[in-house]
1. Please report 111, 327, 65 as a ranked list, fewest other C-beta atoms within 10 angstrom at the top and most at the bottom.
2. Please list, in chain and number order, the residues 5+ apart from residue 176 or on another chain whose amide H is under 5 Å from its amide H, with Hs placed from the backbone.
3. What spacing in nm lies between the two simple spin-label points modelled at residue 161 and residue 340, each 7 Å away from Cα in the Cβ direction?
4. For residue 361, list long-range residues whose amide hydrogen, built 1.01 Å from N in the peptide plane, is under 5 Å from its own amide hydrogen.
5. Which FRET efficiency value, to the nearest 0.05, is calculated for residue 245 and residue 27 with the Förster distance at 22 angstrom and r the Cβ-Cβ distance?
6. For 332, 46, 371, what's the fewest-to-most ordering of other Cβ within 10 Å of each Cβ?
7. Roughly speaking, what is the stretch gain from residue 231 to residue 100, that is 0.36 nm per residue apart minus the C-alpha to C-alpha distance, in nm to one decimal?
8. Can you work out the Karplus-derived ³J(HN,Hα) for every residue in segment 370-384? Use 6.51 cos²θ - 1.76 cosθ + 1.60 with θ = phi - 60°, whole Hz, and x for glycine or proline.
Amino acid sequence: MFPTEQFKKLRTPFYYYDTELLRRTLREIRENTDEHMHVHYAVKACANPRILSIIAQEGFGADCVSGGEIQAALQAGFPADKIVYAGVGKSDWEIELGLDAGIFAFNVESVPELEIINTLAQQKGKVARIALRINPNVGAHTHANITTGLAENKFGIDMQEMENVIALAIDMPGVCFTGLHFHIGSQILEMDDFAALCTRINELQDRLEAAGIHGIENINVGGGLGIDYKQPELHPVPDFHAYFKTYRQNLQLRPGQQLHFELGRAIAGQCGTLVSRVLYIKSNPIKNFCIVDAGMTDLIRPALYNAYHHIENLTAEDDKDFVTYDVVGPICESSDVFIKNYGMPRTSRGNLIAFRSAGAYGEIMASGYNCRTLPQGYLTEDFL
Ligand code: LLP
């Protein structure tokens, strides 16, 4: 499945993106969505320019959280009118960039932000299309660091305030209120969590209509669909059928209302692999350490979220001879550990080690700590 012979010639660590799988993933999304459903790829998951270009070419929109991401999305060919822009702390220059580009919508996270967007838009003689991001206070069964839809999280505007905030927005000459935005968290595998979000949205829409607020054009339900980190081979593409069906069955859209999604991990996660080389095997009476040349600077998810990434030795001599290792990186931090007590074929210096399901929040979260160089990204096309 991997072009291992060609990998052997490359400097490690590097990211490898299986673009055939990426295209298949995008195709399955298309096959499971209707005309009124619009998917904006969450650029934060992976902003490798060539990956962005593929997703743009396939007709998807972009979900951005910074001016830099808007620039990257525009450069990759995403049309401005398919770009949505969220974030609790938008700087003035970032808002101005969005206004100049003419993006589809600012997902506004507070009243002070709404006021600034209104002012900046008026200064430019423009009208900003905005959606209000609502904190639905829905818990998701995922890691605490990646839940976003609870009242204790910093995101969005309190649901109880909506009537007032919408009235405020409607009165502002520099903004045009176009929709409601939600997002409950990431790496969510329980469809019931998304169904719970639908229930909240239904209740809110009923409430708003009772208050005389009609004709909301767009409902944006955010992203969050998870991937199978344990068995990437068995589930290379997430269950989009179940995901979109959950919304079809549970969300009561009003006539003409458009439904927007912001999927990141579900699009880019499974197609990416971090490839590294074994530097040393070191043993003491209680442990075998497999020290690789990739570290938390290249893939921070295990250190930050205790995340599991399936590890494969691509060049082991003997597949049957299993040994238990702690797989660790070279960074001067005790948390620079990919996994502890992991059984894999006997490993030796020079073997290539693959960290699977690393396409989302992998390369993009890499850092230069310890003055390390950032990992290169290669695509299937580079090995044909
Ligand atoms: N929309 C909003 C408003 C978001 O905050 C996020 C992710 C997404 C969409 C995309 O979510 P996805 O479909 O990828 O689950 N670094 C963490 C994940 C952080 C997610 C932040 N927000 C990780 O490595 O697990």
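1. Details: 111 15, 327 26, 65 20.
With the sparsest Cβ surroundings first, the list reads 111, 65, 327.
2. Excluding prolines and chain starts, which carry no amide H, the hits are 128, 129, 130.
3. 4.2
4. 46
5. On the way: r = 18 Å, r/R0 = 0.80.
Once rounded, the FRET efficiency stands at 0.80.
6. Working: 332 9, 46 29, 371 6.
In order of increasing Cβ crowding within 10 Å: 371, 332, 46.
7. Numbers: separation 131, 0.36 × 131 = 47.16 nm, distance 4.40 nm.
Separation in residues times 0.36 nm, less the Cα-Cα distance, equals 42.8 nm.
8. Taking θ as phi minus 60°, the curve returns 6, 6, 7, 7, 6, x, 6, x, 10, 10, 3, 4, 6, 10, 7 Hz for segment 370-384.
Computed from the coordinates by the stated procedures, all read-outs in this text should not be read as laboratory data. Here the structure is a predicted model, which means the values were calculated and not measured. No Cβ is skipped: glycine too gets one built from the backbone with ideal geometry, and neighbour counts run over all protein chains shown.
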